[in-house]
1. Just the residues that are aliphatic (A, V, I, L, M) and without any contact (Cβ under 8 Å) to a residue 12 or more places away in the chain, please, taken from the range 107-127.
2. Pairs under 6 Å by beta carbon, first residue aromatic (Phe, Trp, Tyr) in the range 12-25, partner modelled with pLDDT of 85 or more and part of a loop (DSSP other than H, G, I, E, B), six or more apart or different chains?
3. May I ask you to list the residues in the range 57-88 that are outside any helix (DSSP H, G or I) and in contact (Cβ under 8 Å) with a residue 24 or more places away in the chain?
4. When the residues of the range 90-110 are narrowed to those that are part of a loop (DSSP other than H, G, I, E, B) and out of contact with any Ser or Thr (no Cβ under 8 Å at 6 or more places or on another chain), which ends up nearest to Leu43 (Cα to Cα)?
5. Identify the residue in the range 30-56 that is among the basic types (Lys, Arg) and in a helix (DSSP H, G or I) and, among all such residues, is least open to solvent (accessible area, probe 1.4 Å).
6. Which residues, counting only those in the range 83-103, are among the small types (Gly, Ala, Ser), touching a helix residue (DSSP H, G or I) at 6+ places or on another chain (Cβ under 7 Å) and within 18 Å of Ile17 (Cα to Cα)?
7. Regarding the range 14-23, can at least one residue be identified that is of a type in the set (D, E, K, R), modelled with pLDDT of 95 or more and within 25 Å of Arg112 (Cβ to Cβ)?
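The values are calculated or read from the model by the stated rules, or taken from the named source; none is laboratory data. This structure is a prediction, so every number in the text was calculated from the model and none was measured. Because the Cβ atoms are built from the backbone with ideal geometry, glycine has one as well, and the counts that use them run over all protein chains shown. Accessible surface areas use protein heavy atoms only, side chains included; no ligands, DNA or RNA. Shrake-Rupley method; radii C 1.70, N 1.55, O 1.52, S 1.80 Å.
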Amino acid sequence: STQIAGGAQGLLDEISISGQTLIGELKDGRVTESVFHPEKGGLPVHDPRTLRVANVEESRALVLAALENKLGAARDIVALNAGAAIYVADKAPTLEDGVEIAFETIKSGAARAKLDEFARFTQQFAK
């Protein structure tokens with residue numbers, strides 16, 4: 001399966017937590033189009049301005065908050081788009097199921113642990 005997604009409000013090139021997302025999907029040689037809304041995935045609608053950052057430190061804090069399961073827009077957009085990746089990789093039967101798996105992975109600490117593992121791995125190249 002392959003997906004192309006774009007926030008209907010034209011602000012994001014990923015599945016939006018701020019409103020509708022237009023999704024084109026190629027699966028089994030057939031293209032389908034659909035509209036996804038965060039509420040369909042059980043998520044609240046967030047103001048996209050809550051994801052804006054001014055510098056690297058703010059960006060890091062937002063990512064870590066999401067992976068530490070802190071409620072908010074950052075966690076929800078990470079889970080939503082990770083869930084889409086899980087679905088496209090055929091690890092979940094629906095996008096909504098993929099989002100549920102993503103939330104479980106965040107809640108368990110496995111997502112943060114994977115980030116920490118990746119950071120340790122990349123540090124060997126900084127020397």
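1. Those that are aliphatic (A, V, I, L, M) and without any contact (Cβ under 8 Å) to a residue 12 or more places away in the chain: Ala110, Ala113, Ala119, Ala126.
2. Every condition considered, no pair remains.
3. Glu68, Asn69, Gly72
4. Only one residue tops the list, namely Thr94.
5. That would be Lys40.
6. Residues satisfying the conditions are Gly83, Ala84, Gly98, Ala102.
7. No, the range 14-23 contains no residue that is of a type in the set (D, E, K, R), modelled with pLDDT of 95 or more and within 25 Å of Arg112 (Cβ to Cβ).
Yes/no per residue for (1) within 15 Å of the chain's Cα centre (by Cα); (2) of a type in the set (S, T, N, Q):
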site: Ser34; (1), (2): no, yes
site: Gly41; (1), (2): yes, no
site: Pro44; (1), (2): yes, no
site: Leu51; (1), (2): yes, no
site: Glu58; (1), (2): no, no
site: Leu67; (1), (2): yes, no
site: Leu71; (1), (2): yes, no
site: Ala74; (1), (2): yes, no
